[in-house]
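Notes to accompany the following structure.
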Amino acid sequence: MTPGAPVARIKVVLDDVMPPVMRRLEIPLSLRLDRLHTVLQVAMGWTDSHLWEFRVKGIGFGIPDPDFGFGDGPLDARKAKLSDVLEDTGARSFKYLYDFGDGWEHSIRVERITAAIDGGTYPCLLDASGRCPPEGIGGPWGYQEAREALADPTHERHDELSEWWSADRLQDDTIDIAAIDADLATLARRWTRKPRAKKM
């Protein structure tokens, strides 16, 4: 990334989940929204197995489905840069919905816009807390119920949920920050344009 290019510091919070799950990242302001989706999948620990959408002041951005109907689906996230979306809408915060069935909703707030540091790698993780819930558990409410049931052997659903989920997995809130950093660095390298060699 060019030194001095604009970088957005964002705070991402997974809504309605306890204990809290939060990530603070710095990303290029010029990042396309489909790539921001990829960054969030890596940073949060999701598996990128479900549909997703950004909601910015009532406008949806995702991957349009040609079978969905003309003009009824989201705007194409592959054609929308974060800088343009923020400028066009005046938004400083927006939502990211992952897995329409389970309904994992994330609140994203742009905390500040600054210049890229010479030698800096973007996207990068600045801060993180809380482990992402497992997918397919039924969203925030299913996750909470599963945590409670697995922690209490007398809970009416303890035995049933024990067949599907490990109590240790659901109670362990530690995250592998080094692995997230490494995966984000891989994205940064993949997305960094190399200058074309001049023809002699």
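Numbers at a glance
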quantity	calculated
Candidates Asp183, Asp172, Asp152 - the one that is within 30 Å of Ile59 (Cβ to Cβ) and of a type in the set (D, E, K, R)	Asp183
Hits in segment 84-119 - residues which are over 14 Å from Leu36 (Cβ atoms) and in contact with a helix residue (DSSP H, G or I) (Cβ under 9 Å, 6 or more places away or on another chain)	Arg92, Asp99, Gly101, Asp102, Gly103, Trp104, Glu105, Ile113
Residue among Pro6, Pro28, Pro74 that alone is surrounded by fewer than 18 Cβ atoms within 10 Å (Cβ to Cβ), over 30 Å from Leu170 (Cβ atoms) and either without any contact (Cβ under 8 Å) to a residue 24 or more places away in the chain or not β-branched (Val, Ile, Thr) (or both)	Pro6
Scan of segment 97-130 for residues that are surrounded by 19 or more Cβ atoms within 10 Å (Cβ to Cβ) and either among the small types (Gly, Ala, Ser) or not assigned by TED's automatic domain parsing to the domain that holds Ala182 (or both), ordered by number	Ala128, Gly130
Test: residue in segment 120-129 that is polar (S, T, N, Q) and out of contact with any helix residue (DSSP H, G or I) (no Cβ under 9 Å at 6 or more places or on another chain)	yes
Matching residues in segment 134-154 - criterion: being surrounded by fewer than 16 Cβ atoms within 10 Å (Cβ to Cβ) and farther than 23 Å from Glu105 by Cβ	Ala151, Asp152, Pro153, Thr154
Candidates Asp16, Asp65 - the one that is more than 17 Å from the chain's Cα centre (by Cα), exposed (fewer than 15 other Cβ atoms within 10 Å of the Cβ) and not hydroxyl-bearing (Ser, Thr, Tyr)	Asp65
Options Val85, Val39: the member that is under 30 Å from Thr174 (Cβ atoms), part of a helix (DSSP H, G or I) and either among the basic types (Lys, Arg) or touching a residue at least 12 places away in the same chain (Cβ under 8 Å) (or both)	Val39
Residue among Ile137, Ile108 that is aliphatic (A, V, I, L, M), assigned to a loop (DSSP other than H, G, I, E, B) and out of contact with any His (no Cβ under 9 Å at 6 or more places or on another chain)	Ile137
Hits in segment 1-36 (condition: outside any strand (DSSP E or B), out of contact with any His (no Cβ under 7 Å at 6 or more places or on another chain) and within 30 Å of Glu148 (Cα to Cα))	Asp16, Val17, Met18, Pro19, Pro20, Val21
Number of the exception - Phe94 against (1) modelled with pLDDT of 90 or more; (2) surrounded by 14 or more Cβ atoms within 10 Å (Cβ to Cβ); (3) in a helix (DSSP H, G or I)	(3)
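The values are calculated or read from the model by the stated rules, or taken from the named source; none is laboratory data. The structure displayed is predicted, hence computed values, not measured ones. Cβ atoms come from the backbone with ideal geometry, glycine included; neighbour counts cover every protein chain shown.
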